[in-house]
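Here it is, the structure in full.
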Amino acid sequence: MPEKKILIITYYWPPAGGPGVQRWLKFAKYLPEFGWKPIIFTPENPSYPLIDESLMKDVPKDLEIIKTKIWEPYQLAEKLNKSNKKFKAGQFDVGNNQSWKSKLSIWVRGNFFIPDARVFWVNPSVKFLEQYLKINNIDVVVTSGPPHSLHLIGLNLKKKFPNVKWIADFRDPWTEISYYKHLKLTNKSDKKHRQLESEVFQNADITLATSYTDAENFRKNRANAVCITNGFDESDSSNSQTLKPSNSPTKFTLSYIGVLEQLRNPENLWKALDDLVKTNNDFAKNFKLKFVGRIDDKILNSIENSSLKNYIENLGYLSHEKAIDEMSNSSILLITNFPNESSKGIIPGKIFEYLATGKQIISFGPHDADVSKILDETDAGKHFGYQDSETIKQFILEKFELWKAGNLLENTRNIKQFSRKNLTKTLAEIL
C-alpha cells in the first residue's frame, strides 16, 4: 500500500522552543510508522519568543521541510514598547500593570492584525501552496494554531482543493482563549474574529482539540471536533516507564517549569508558602522554590518582596532536555491555568511530561477542569481553585511529611495513553 502524504502547516518548528513546537514535531516523528509521509511547511525567518536547539534531534533526517519568507510587525511593536516582546508568546500586562503604551499596543494588536500578527503570511503561502498542491499528490493538509492565521491558509486551500482533506488543529482556542477579552476589540473586530473562526469550523473536515472540553465546545459551534491531547515522548528517556530516572532532591523542592504570566499567577500559593516558611521551622529549613523558564518580572518581584525571597532558585529558560532533568529533580511540580470558567478545557502540554516523571503535581485553575480529571485518573496530584487557601497548605504539608520520611512515592498509573507514539496511532486512525 503506497504511503500517503500529509502536509503540515506550522509556524512553530525547531529551533523554536516551548510546548507549541512539540505537538507536530512528535507527530511528524511517528507518523511514518503508521503509513504517512509528513511534509512540513513553515516560515523561513520567523520571530520566535524562545529558541531550543535541543529539539533539532527529533527532526527526522529524511523529513521534507519547505520554508518561505514571512513578514511580522513585532519589531515595530517592540520599538513602541519593549514589553511587547511578550506578545510573541501570547502574553501582556494586565490590570494596574498596564502602561498607556501597553494599552495602545494591545488595542492595535487586536484590531489591526486579525486574527494575529502572522496574518501577512497567509496570502503568499496560499499562492505558493496552490502551485505545490497542483504538482504534488497531497492527501491531507494540517494547519496548526495559534497563530490562528494559519487556519486561514487552510481555509483558502480547502476552497481551491475541496477533495483534499483539511484538519484544523487548535492547540489553544481562538475566541474562547482567556486573553481574548483583554484584546480591547471593537465590535467590528470581534465580529470579524468570530466570523473567521466559524468559517474554519464549518469548512475543516476535522477540527482537532487538545482537551475534552475544547472539543465539546467546538462541536457546539458546528465543528467536526475530535480530541487528541498532547503527551510525553518515551524516547526522551532511557527508562521505558517515565521520562528519566529521578534523583532524590536534597531539599523539598516545588518547581514550576515553563512560562508564567500574570493571567495565571497563583497568588494564593505564594501566600500559603510564605505562611509555611514563617510558621514552620522544619519546612523553612528544607524548602526550595524553583523556576525553570520565563517568569513574568512583576510576579518574580512580588515573590522576592516576601519571605520566600531566600528560597528561590531561578534557572531561567533551559533546553527541553535540561528542563526534564529539573522536573525529575523536584518533589512537587506546579502547573497553572487561567482562572475563568471558559478555560477549564485548557490542558497545558507540560502536564504530560510532569506525569511521566511520576512526581506529585499541584495544579491551579477553574474548578471541574480537564486537568483535574487527568490528575484524578492518574493519582498524580491535586487541583485547586484560585480562591483556595488552607487546603493548599494541608496538601503541601502532607507531601512534605511524606518526603521527610522518604515515602513520597512516584506514580505512573494510567499514563501510557498519553505517550506520543500512542497519540500518533490515534491520529493515524482518524486520518
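Could you let me know the centre-to-centre spacing of region 312-372 and region 115-151, using Cα atoms, in angstrom?
Measuring centre to centre over Cα atoms gives 32 Å.
Given the options G345, G231, G35, which has the most mean-square fluctuation in a GNM of the chain, springs set between C-alpha atoms less than 10 angstrom apart?
G35
Please list, by residue number, every one of the GluC sites (Glu not before Pro) in region 1-48 that is coil in DSSP and has at most 13 other beta-carbon atoms within 10 Å.
Here the sparse-neighbourhood loop sites are E3, E44.
Next question, about the same structure. Report ³J(HN,Hα) in whole Hz for each residue of region 380-387, in order, from the Karplus equation J = 6.51 cos²θ - 1.76 cosθ + 1.60 where θ = phi - 60°; Gly and Pro get x.
Those phi angles translate into 9, x, 9, 10, 10, x, 6, 9 Hz.
Also: S307: accessible area at probe 1.4 Å, nearest 10 Å²?
In the full protein context, S307 sits at about 50 Å².
Turning to a different aspect of this structure: Over the Cα atoms of region 136-196, each weighted equally, I'd like the Debye log10 I(q)/I(0) at q = 0.18, 0.19, 0.21 Å⁻¹, rounded to two decimals.
The Cα Debye sum returns log10 ratios of -0.70, -0.75, -0.86.
Pairs K61/K158; K322/K359; K184/K309: which exceed 26 Å Cα-Cα?
K61/K158; K184/K309
Could you tell me what % of all Cα pairs in region 290-430 have separations over 23 Å?
More than 23 Å apart: 42 percent of the Cα pairs in region 290-430.
Relative contact order, percent, of the chain when contacts are C-alpha pairs under 8 Å separated by at least 6 residues?
Computed value for the chain: 14 percent relative contact order.
Between (1) 125; (2) 138; (3) 203, which entry matches volume of the Cα convex hull per residue in Å³ as derived from the coordinates of this structure?
Of the labelled values, this structure produces (2).
Taking H as built 1.01 Å from N, whose amide H comes closer than 5 Å to the amide H of G381, not counting residues under 5 places away?
Amide H neighbours of G381, under 5 Å, 5+ apart: I361.
For the chain, with a Gaussian network of springs between Cα atoms less than 10 Å apart, report the residue from W13, W71, W121 with the top mean-square fluctuation.
W71
The values are calculated or read from the model by the stated rules, or taken from the named source; none is laboratory data. It should be emphasised that the depicted structure is a prediction, and the values quoted were computed from it without experimental measurement. In this analysis, Cβ positions are derived from the backbone assuming ideal geometry, glycine residues included, and neighbour counts consider all displayed protein chains. SASA here: full protein model, heavy atoms, side chains in, ligands and nucleic acids out. Shrake-Rupley method; radii C 1.70, N 1.55, O 1.52, S 1.80 Å.
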